[in-house]
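Colleague: Attaching a single structure in structure tokens format; questions to follow.
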Amino acid sequence: MRVTKATRWVAVLSVAAAALGMAATARAQDKKIKIGVIFDLTGPLAGGGSELQYTGVKIMLDHYAKTGVEGYKVEAVYADAQSKPDIAINESVRLLEQEKVDMVMGFFSSAQCVPVAARVEQLKKFMWMTTCISSAVFDGKNYKYVFRPQASGDQFGMMTMDFIANQAQSKFGKEPKDLRVAIIHEDGAYGVDVAKGNEAGAKKAGFNIVLKEGYSATAPDLSALVTKLKRAKPDVIFHTGYNPDITLLFRQAREQGLKFGAIVGHGAGYGVYEKLKEGLGTDASYLFNTDPISIWLANQKTMDTKLPPVIKMVGEEFDKLKPGVAIRSAHVGIGASNAFVFMDDVLPRAIKKYGGVDPDALRKAALDTDIPEGGTMLGFGVKFYSEGTQMAGQNERSFPVVLQYIDDKSYVVWPKSQMQRETVLPLPAGTTYSYK
């Protein structure tokens with residue numbers, strides 16, 4: 001075959017077209033979102049719920065690493081905050097500036113979220129909190145790049161007071177004004193914020209607050225606090241703590257003979273039943289925990305139909321990692337659900353509507369989020385307070401529920417719309433702490 005000038009040009013053009021095609025394919029393959037994920041994998045917060053939250057987030061990110069999102073690969077880079085706020089800050093900056101992640105996600109402790117959020121906002125980078133609850137993260141800050149689908153601490157504190165106020169007459173035989181309540185809490189951002197909600201709710205209900213006191217979550221001895229509780233003789237103790245401080249409190253309460261009608265916990269250590277059972281044995285029964293609903297207890301009939309298969313996937317993956325666990329911790333579902341909201345709703349919109357995964361594209365996409373009740377695995381919807389408002393960046397549609405552990409199972413007992421069984425109040429006669 002004779003090679004003419006024309007055929008040579010065709011060949012050149014073909015090679016050029018092929019090269020352009022390969023370059024375009026390479027560029028498409030290069031599209032990626034790199035997510036920095038920070039939890040406490042060591043230190044006291046790891047066993048208090050942080051490692052379980054990490055597990056839920058990782059299950060979800062591993063899933064999207066296989067599927068990608070709108071042509072973007074998903075890569076996660078994990079870091080250990082070691083249960084220390086200063087390390088959480090340093091790891092966030094390291095991931096953003098050295099690892100060149102596009103955003104940071106996770107964070108268990110409110111004591112970490114408060115300073116980390118300020119630093120990330122200063123850097124004008126995007127932050128998605130799956131877990132920590134303190135209202136102080138957002139209150140009056142007017143952040144533009146920090147978002148949290150999780151319920152806030154004051155909601156936790158108010159919810160439990162409404163729950164007990166509703167039960168005062170029927171279960172305790174007392175008017176709210178005659179019910180003696182104690183509010184105790186770890187003295188970090190998380191405990192202080194929930195206790196503030198407790199106090200506001202107690203005043204609204206008209207309860208008699210007989211003690212309100214904070215303590216260090218790392219305190220080696222809580223016997224002085226137990227002594228004060230004995231003197232105060234509360235019907236109900238509202239406690240915000242992690243673990244091992246929860247176990248320490250109960251051990252010293254048993255040693256000193258403290259009796260009460262009920263103890264109501266607020267997430268964190270109270271959300272890890274395996275640790276409660278390990279530390280308290282059968283006394284873990286009848287404890288209350290306040291948290292977003294476990295995704296395995298949420299009413300799937302009222303959910304978006306795409307969600308039950310995702311819940312099933314998360315449960316199966318968790319069972320592979322932690323076989324034989326009596327109760328799948330709500331912490332796992334919280335991490336998975338709040339990560340899913342970002343991956344399923346925010347990220348696709350940032351790519352399709354706003355052109356990519358830079359901080360401003362992610363910010364605009366988050367502000368557009370409008371998920372109705374029943375649209376998340378936790379049952380609540382998602383709509384963020386807008387810029388310029390008191391709680392800008394906080395989800396205004398989130399809410400927790402009150403659960404009770406009974407015979408190695410957990411049941412939603414409040415609010416009535418989610419209730420799965422009648423609550424057991426006060427503690428049954430013959431149990432270790434019962435004042436009956």
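The values are calculated or read from the model by the stated rules, or taken from the named source; none is laboratory data. The shown structure was predicted, so the numbers you read here are calculated from the model rather than taken from an experiment. With ideal geometry, Cβ positions are generated from the backbone for all residues, glycine too; neighbour counts draw on all protein chains shown. Quick note on the areas: whole protein, heavy atoms, side chains included, nothing else; ligands and nucleic acids left out. Shrake-Rupley method; radii C 1.70, N 1.55, O 1.52, S 1.80 Å.
Colleague: Ignoring ligands, DNA and RNA, what accessible area per residue does the stretch 221-286 give at 1.4 Å, in Å²?
Modeller: Computed with neighbouring chains in place, this is 33 Å² per residue.
Colleague: Could you tally the net charge around I33, taking each other residue with its Cβ under 9 Å from the Cβ of I33, Lys/Arg +1 and Asp/Glu -1? Kindly include the intermediate steps, with their values, before the conclusion.
Modeller: On the way: positive: K31, K32, K34, K73; negative: E75, D102.
Once positives and negatives cancel, what remains is +2.
Colleague: To continue, here is another question. So what is the accessible area of the stretch 325-427 per residue, in Å², with the probe set to 1.4 Å?
Modeller: Per residue, the stretch 325-427 has an accessible area of 35 Å².
Colleague: Whole number in Å², please: accessible area per residue of the stretch 115-185, 1.4 Å probe, ligands, DNA and RNA not counted. Mind dumping the intermediate values first?
Modeller: Details: 2270 Å² over 71 residues.
Ligands and nucleic acids excluded, the figure is 32 Å² per residue.
Colleague: Another one. Among all stretches of the chain without exposed GluC sites (Glu not before Pro) (DSSP loop, at most 14 other Cβ atoms within 10 Å), which one is longest?
Modeller: No qualifying site falls inside 100-372, the longest such stretch.
Colleague: Return a whole-number percent for the relative contact order of the stretch 194-320, with Cα pairs under 8 Å and 6 or more residues apart as the contact set. Please list the in-between numbers first.
Modeller: Details: 112 pairs, mean separation 24.6, N = 127.
Here the relative contact order equals 19 percent.
Colleague: Provide the net charge surrounding K100, with neighbours chosen by a C-beta distance below 13 Å and charges set as Lys +1, Arg +1, Asp -1, Glu -1.
Modeller: -1
Colleague: So if I take the centroid of the Cα atoms in the stretch 134-204 and the same for the stretch 374-431, what is the distance between those two points in Å?
Modeller: 12
Colleague: Just how large is the dipole of the stretch 42-141 about the Cα centre, in debye to the nearest 20, putting +1 at every Lys and Arg Cβ and -1 at every Asp and Glu Cβ?
Modeller: Rounded to the nearest 20 debye, it is 100 debye.
Colleague: Something else: Based on C-alpha coordinates, I'd like the Rg and Dmax of the stretch 268-407, in Å.
Modeller: Rg, Dmax (Cα atoms, Å): 17.2, 55.
Colleague: How much of the accessible area of the chain, in percent, comes from carbon and sulfur atoms when a 1.4 Å probe is used?
Modeller: 52
Colleague: Which of these, T369, T290, T227, has the largest mean-square fluctuation under a Gaussian network model of the chain (Cα springs below 10 Å)?
Modeller: Answer for the Gaussian network model of the chain: T227.
Colleague: Continuing with the same structure: Given the rule -39500 (n - 2.57) for each run of at least 4 DSSP H residues, summed and divided by the residues of the chain, what is its mean residue ellipticity at 222 nm, to the nearest 500 deg cm²/dmol?
Modeller: Numbers: 13 runs with 176 residues, N = 436.
Mean residue ellipticity, 222 nm, calculated: -13000 deg cm²/dmol.
Colleague: Can you give me the solvent accessible area of I89 with a 1.4 Å probe, rounded to the nearest 10 Å²?
Modeller: That residue has around 40 Å² of solvent-accessible surface.
Colleague: Also: Using modelled backbone amide H atoms (1.01 Å from N, in-plane), which distant-in-sequence or interchain residues come within less than 5 Å of A76's amide H?
Modeller: Sorted by chain and number, the residues that satisfy this are I35.
Colleague: Which of these, H331, H63, H266, has the largest mean-square fluctuation under a Gaussian network model of the chain (Cα springs below 10 Å)?
Modeller: H63
Colleague: Okay, moving on. Taking K and R as +1 and D and E as -1, what net charge do the other residues with C-beta under 13 Å from the C-beta of A76 add up to? Present the calculation step by step, with values, prior to reporting the outcome.
Modeller: Details: positive: K32, K34, K58, K66, K73; negative: D62, E75, E99, D102.
Taking every Cβ under 13 Å from that of A76, the sum is +1.
Colleague: Give me the base-10 log of I(q)/I(0) for the stretch 217-347 at each q in 0.09, 0.19 Å⁻¹, Debye formula, one uniform scatterer per Cα, rounded to two decimals.
Modeller: Here the Debye-derived log intensity ratios amount to -0.35, -1.07.
Colleague: To continue, here is another question. Starting from the Cα gyration tensor of the stretch 110-150, multiply each eigenvalue by 5, take the square root, and state the resulting semi-axes largest first in whole Å.
Modeller: Equivalent ellipsoid of the stretch 110-150: 14, 11, 10 Å, largest first.
Colleague: Relative contact order of the chain: what whole-number percent is it, with Cα pairs under 8 angstrom and at least 6 residues apart?
Modeller: Rounded, it is 18 percent for the chain.
Colleague: Give the angle, between 0 and 90 degrees and rounded to the nearest 10, that separates the Cα long axis of helix 110-122 from the longest principal axis of the Cα atoms of the chain.
Modeller: Once rounded, one gets 30 degrees.
Colleague: Which whole-number percentage describes the relative contact order of the stretch 354-409, with Cα contacts under 8 Å and a sequence gap of 6 or more?
Modeller: 20
Colleague: Could you give the angle, 0 to 90 degrees to the nearest 10, between helix 245-256's Cα long axis and the longest principal axis of the Cα atoms of the chain?
Modeller: The two axes meet at around 10 degrees.
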